[in-house]
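Structure record follows, encoded as structure tokens.
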Amino acid sequence: MIIQWCLKGVPFDQSHFNDGVVQAILGGEGITSAWLRNATSPLTNLPAGSQGVLSDTALDDHVHNWGAVWHSTPYISLSAGCVERVARGVTVRHSAMRTALTFATNNATHAGYVFLCWVQVSPKPAAELPGFGEEVRNLNIYRVVSREVV
């Protein structure tokens, strides 16, 4: 198991994500996925089989089709920074803070929050394990989960 420090950028939304929600997160509720926020059962009484929403397919959709699944994904996007391959032999570094701020502020056009947090990461793919993060941008480990563009 690896402990990874991360940043989570969240846009400020007066009606859905505001200072009261932030206080609840900091008070112990923690950051939850869209799927958990929309669950009809209390989190301590989730329906049987709810772990089944954690799958390679759901993770692939979260990474590659986020625009369609953002409202129901069981995963949470965190930023630990990454290196993007833009062409053969050409890479661009993206810091965790820049990525989190860009997401939280919609490219510096709105207010947002950035949380510093840590997550447990398994050294092997384990999309179905609750409480563990997936380092999906590591293309050497997650070739099955992540479609590689050549």
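The values are calculated or read from the model by the stated rules, or taken from the named source; none is laboratory data. Note that the structure is a prediction, hence the values are computed from the model and not measured. Cβ placement follows ideal geometry from the backbone for every residue including glycine, while neighbour counts extend to all protein chains displayed.
Odds and ends about this structure:
- Extreme residue, surrounded by the fewest Cβ atoms within 10 Å (Cβ to Cβ), among residues of the range 30-41 that are closer than 24 Å to MET97 by Cβ and of a type outside the set (A, V, I, L, M): GLY30
- In the set (1) surrounded by 17 or more Cβ atoms within 10 Å (Cβ to Cβ); (2) modelled with pLDDT of 85 or more, the condition left unmet by VAL136 is number (2).
- Filtered by the rule that a residue be among the polar types (S, T, N, Q) and surrounded by 13 or more Cβ atoms within 10 Å (Cβ to Cβ), the range 53-89 gives SER55, SER72, THR73, SER77, SER79.
- Residues satisfying the stated conditions in the range 111-140, i.e. farther than 17 Å from ASP56 by Cβ, outside any loop (DSSP other than H, G, I, E, B) and not hydroxyl-bearing (Ser, Thr, Tyr): GLY112, VAL114, PHE115, LEU116, CYS117, TRP118, VAL119, GLN120
- Of the set (1) part of a loop (DSSP other than H, G, I, E, B); (2) aliphatic (A, V, I, L, M); (3) crowded, with 17+ Cβ neighbours inside 10 Å, all apply to VAL10 but (1).
- Search result, residues across the range 89-110 that are touching a strand residue (DSSP E or B) at 6+ places or on another chain (Cβ under 8 Å) and not in a strand (DSSP E or B): ALA96, MET97, THR99, ALA100, LEU101, THR102, PHE103, ALA104, THR105, ASN106, HIS110
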